[in-house]
1. In nm, to one decimal, how far is the A:LEU17 label point from the B:THR6 one, both placed 7 Å along Cα→Cβ?
2. With the contact rule set at Cα under 8 Å and sequence spacing of 6 or more, what percent relative contact order holds for the range A:54-123?
3. Given labels modelled 7 Å from the Cα in the Cβ direction, how far is it in nm from A:GLU63 to B:LEU13?
4. Does the range A:46-130 come out rounded, prolate or oblate, given a ≥ b ≥ c as the square roots of the eigenvalues of its C-alpha gyration tensor, rounded meaning a/c under 1.5 and, failing that, prolate meaning a/b above b/c?
5. In whole Å, what is the distance between the alpha-carbon centres of the range A:107-143 and the range A:61-102?
6. Give, in nm to one decimal, the length gained when the segment between A:TRP54 and A:ALA8 is fully stretched (0.36 nm per residue of separation minus the Cα-Cα distance).
7. Let me know the mean shielding of A:76-89 by other chains, meaning the per-residue number of their Cβ atoms within 10 Å of its Cβ.
8. Among A:117-129, B:17-29, A:96-108, how do they line up from the highest to the lowest mean number of other beta-carbon atoms within 10 Å?
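Please treat every number below as a calculation from the coordinates, not as lab data. Just so you know, these numbers come straight off a predicted model, no measurement behind them. Don't worry about glycine lacking a Cβ; one is built from the backbone with ideal geometry, like all the others, and counts go over all protein chains shown.
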Amino acid sequence: MNDSKSMARILGWSGILPLVLANFAFFKGYGIVAATLGNLYAAIILSFLGAIHWGLALDREQEREAPMLLLWSVIPALWAFMALWWAPPTAILILILGFIAQWLADWRLRSRVQLPAWFMPLRTGLTTAVIVLLALMLAQILTGT
Amino acid sequence: MKRPKTGTLLMGLFLLLWAAAMVGLVVIGFTNIQPAGIGSSSSTNSAPISQHSAETTHDE
C-alpha cells in the first residue's frame, strides 16, 4: 500500500467503478440520469488526466517542453466541457475522442520525460476500460436497452 | 508548403475551445437555451432516453 505503483493501481481501477455503475444503472432503466452522470464523471476524469501534464511542467520550469506541457494540460478540460453541451450519444463520442487524444499525448511524453515504469501500462489499461465502458453506454443508448 | 508547428496547432485548438466555452456560457446566461447534455427540467425523470422523446406526445 505504501508504494506508489500499488496506490496508483488501486486508485486508478477504483476510478473505473462509477462508469461500470452508470452502465448498470442505464441497464436497470435509469436512462438519461445514468447516461448524464456517466458522462459528467468521464468529463471530470478527462480533465484530471490533462492536469498530469500541468504537474510535469511545474517540475520543469526551465526546460524547453514546459510551455507545451502547460498548453496541452488545459485542452482536455475544455474539450470535456464542450462535450457536455451535446446530447449523451454525441457527448460520449466526443469524450472517447478526448480519451484517445490524451492517451496519445501521454504516449509522446515517454520519449521526452522520465515517467515511472508502471505509468503507461496503467494508463493504457485504464483508458481501454474507459473507452469500452463509454462505448457500451453508447450501444445501450442507441439500442434503447 | 511549410508544415505548421505542433505548438501553433495546439494554441489554435486551445483558442477555439476556449472561445466556444465563453460563447456557450454567454448564450446560457442571456437566453433560456439549455445544453442537451445537461438536460431540461422535464428530463430529470428516470425514463430511458429512447422513451424520453416519446413522453412529449400526449395520449388522448
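1. With each label point 7 Å from Cα toward Cβ, the separation is 3.6 nm.
2. Rounded, it is 19 percent for the range A:54-123.
3. 2.0 nm
4. Oblate is the answer for the range A:46-130, as a/c is 1.5 or above yet b/c matches or exceeds a/b.
5. 14 Å
6. Result: 14.7 nm gained on full extension.
7. 4
8. Per-residue Cβ counts within 10 Å, averaged per peptide and sorted highest first, yield A:96-108, A:117-129, B:17-29.
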